[in-house]
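Asks: Provided herewith is a single structure, encoded as structure tokens, for subsequent inquiry.
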Amino acid sequence: MAVALQRPEDSRHTRITAPTPADLRISPPVPKGDRLTAFRRGISTRLNVELASNGEGCLTWTRNRFSPPPKEPPMSPASSMPSPSSAPSVTARLDRARPYALALFRVAIGLLFLCHGAAKLAGVLGGADGSGGTVPAGTWPYWYAAVIELVGGALVLVGLGTRAAAFVSSGAMAYAYFSAHQPEGLFPMENGGEAAALFCWALFLLVFTGPGALAVDGLFGSGRRAAERERSTLAA
């Protein structure tokens, strides 16, 4: 609706004239579908104030309807496909699988370490000398090393007290290497201490990495908090 305010030259007072049909400027109605779309997008009818120059110096208020929202161009098949940067990279997938790979590593090391202790104490798997023999109880340092291998290997296998068990076991293997193997030669290939050296470094690595997934430590307070922190770090 338009209201014209006009100050004629022959009068000091403002005269308000009623608009004629020609003065009414109303945009055509918007189709129902477009109105519904605009309503869903939070667009409402707005009032615009325009200064119209109609030759008489009149100030005109015009009520305009909103215009339909512009239609988005259809997406081409090439643009609808995910870009290489949005697809998860190989590194991200490997990072998500890291706790489970670490768990497999822990289980393998713990099982192999346990077998050495069981062979020396129970005479299974060939025994201490390959013929079913055992280490005499209380013999230093072989019997104590066998106990550490059996108990430490079992704890690392199930992931219970993994860091402490791995630290003690790694120290036992370091002592065994330098006391029994290193005097025979400088390198493990020469002195037969490859197994002791590998167990020493593998168990020492578990001291810093922790047990990974599927460990008994994850059921308790500190281990569970560490597992949650690791999962949140991988997700970020």
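Where a number appears in this text, it was derived from the coordinates with a stated rule and is not lab data. Since the model is a prediction, treat every value here as computed from it, not as a measurement. So basically every Cβ, Gly included, is an ideal-geometry build from the backbone, and we count neighbours across all protein chains shown.
Asks: Can you give me the number of residues within region 145-167 that are out of contact with any Lys or Arg (no Cβ under 7 Å at 6 or more places or on another chain), part of a helix (DSSP H, G or I) and either without any contact (Cβ under 8 Å) to a residue 24 or more places away in the chain or small (G, A, S) (or both)?
Replies: Of the residues in that region, 7 qualify.
Asks: Could you tell me which numbered condition R163 fails, if it satisfies all but one of (1) out of contact with any Ser or Thr (no Cβ under 7 Å at 6 or more places or on another chain); (2) surrounded by 20 or more Cβ atoms within 10 Å (Cβ to Cβ)?
Replies: Failed condition: (2).
Asks: Could you please find all residues in region 102-128 being without any contact (Cβ under 8 Å) to a residue 24 or more places away in the chain, surrounded by fewer than 16 Cβ atoms within 10 Å (Cβ to Cβ) and within 18 Å of I148 (Cβ to Cβ)?
Replies: Scanning region 102-128 gives A122, V124, L125.
Asks: Can you tell me how many residues in region 183-211 are more than 19 Å from A103 (Cα to Cα) and surrounded by fewer than 18 Cβ atoms within 10 Å (Cβ to Cβ)? Reasoning before the result, please.
Replies: Restricting attention to region 183-211, the residues satisfying the condition of being more than 19 Å from A103 (Cα to Cα) are 183-197.
Cutting the leftovers down to surrounded by fewer than 18 Cβ atoms within 10 Å (Cβ to Cβ) gives us 183-192, 194-195.
The number of residues fulfilling the criteria is 12.
Asks: Across region 169-182, which residue is farthest from F208 (Cα to Cα) among those that are of a type outside the set (S, T, N, Q) and crowded, with 17+ Cβ neighbours inside 10 Å?
Replies: Our first condition is that a residue be of a type outside the set (S, T, N, Q); within region 169-182, this holds for 171-178, 180-181.
This time we only want the ones that are crowded, with 17+ Cβ neighbours inside 10 Å, so: 172-174, 176-177, 181.
On the way: A172: 17, M173: 17, A174: 17, A176: 22, Y177: 22, H181: 26 Å.
Restricting to residues being of a type outside the set (S, T, N, Q) and crowded, with 17+ Cβ neighbours inside 10 Å, the top hit is H181.
Asks: While we're looking at this one, here's another question. Just wondering, is there one or more residues in region 129-138 that are without any contact (Cβ under 8 Å) to a residue 60 or more places away in the chain, charged (D, E, K, R) and surrounded by 20 or more Cβ atoms within 10 Å (Cβ to Cβ)? I'd like the intermediate steps shown before the answer.
Replies: The initial filter retains those residues of region 129-138 that are without any contact (Cβ under 8 Å) to a residue 60 or more places away in the chain, namely 129-138.
Subset that is charged (D, E, K, R): 129.
Those left that are additionally surrounded by 20 or more Cβ atoms within 10 Å (Cβ to Cβ): none.
No - not one qualifying residue is present in region 129-138.
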